[in-house]
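First up is the structure itself, then whatever we jot down about it.
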Amino acid sequence: MVGWIAAGLLRSTPSAPPVIADTPTLIRQVQALNELTTVKYVLEKVVLLQDVKWYGENRLLMVAHGAVRAGVNLNSIRPADLVIQGHRLQLKLPRAVITEVFLDDRHTQVIERTTGLLREFDKDLEQDARRQAVDQIRVAAASAGILRDADERARLQITGLLRSLGFTEIAVTSAK
């Protein structure tokens, strides 16, 4: 009976999550997350490369399937970016950046390759097309707002983390 009452008392007494009030400690914990990748866009681009000479052409048509990741580098947070007052916290995050752009080789395919009658096979044409595709995919993701989305998601994820540490009033902003 005593064990049942004690267990009931322990269950009814909520334990408050620990609050870390030491700014350098909290900065080290957030920086330990390192690079926080918050958004991944998947895009396709059609790339046509032609090398036309008077004696023939080399031509390549490729459908490039790529991915772009963006996020926030938490290592660049400084003590001035963090203000703690009791259960209240203000944090200024660094700007989101594109962290990675790559082609998915399983889904990227050469649709057409033409080598003119008097031309030699150009082994570098496909590599040039791949480089051009990566550049086009990077530009398309930036135009579609990947950095804005990465900033927003980073603010939401960091806010959730800080709330789980016991902070009740949290203001997370992004550097402009």
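The values are calculated or read from the model by the stated rules, or taken from the named source; none is laboratory data. Note that the coordinates shown come from a computational prediction; the quantities given were computed from them, not determined experimentally. Note that we place each Cβ from the backbone using ideal geometry, even for glycine, and neighbour counts take in every protein chain shown.
Have a look at 149, 135 and point out the one that is under 16 Å from residue 62 (Cα atoms), assigned to a helix (DSSP H, G or I) and not β-branched (Val, Ile, Thr).
On the way: 149 fails: under 16 Å from residue 62 (Cα atoms).
That would be 135, the only listed residue that is under 16 Å from residue 62 (Cα atoms), assigned to a helix (DSSP H, G or I) and not β-branched (Val, Ile, Thr).
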Exclusive hit being modelled with pLDDT of 85 or more, loosely packed, with under 12 Cβ neighbours inside 10 Å and over 30 Å from residue 45 (Cα atoms), set 159, 173, 168: 168
Output for Cβ contacts, cut-off 7 Å, separation at least six or different chains, first residue at pLDDT below 95 in region 127-149, second charged (D, E, K, R), reads none
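Across region 58-77, which residue is surrounded by the fewest Cβ atoms within 10 Å (Cβ to Cβ) among those that are farther than 20 Å from residue 44 by Cα and free of Cβ contacts under 8 Å to residues at least 40 places away in the same chain?
If we take residues in region 58-77 being farther than 20 Å from residue 44 by Cα and free of Cβ contacts under 8 Å to residues at least 40 places away in the same chain, then 76 is surrounded by the fewest Cβ atoms within 10 Å (Cβ to Cβ).
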Of all residues making up region 83-114, the number that are free of Cβ contacts under 8 Å to residues at least 60 places away in the same chain, out of contact with any His (no Cβ under 8 Å at 6 or more places or on another chain) and surrounded by 17 or more Cβ atoms within 10 Å (Cβ to Cβ): 2
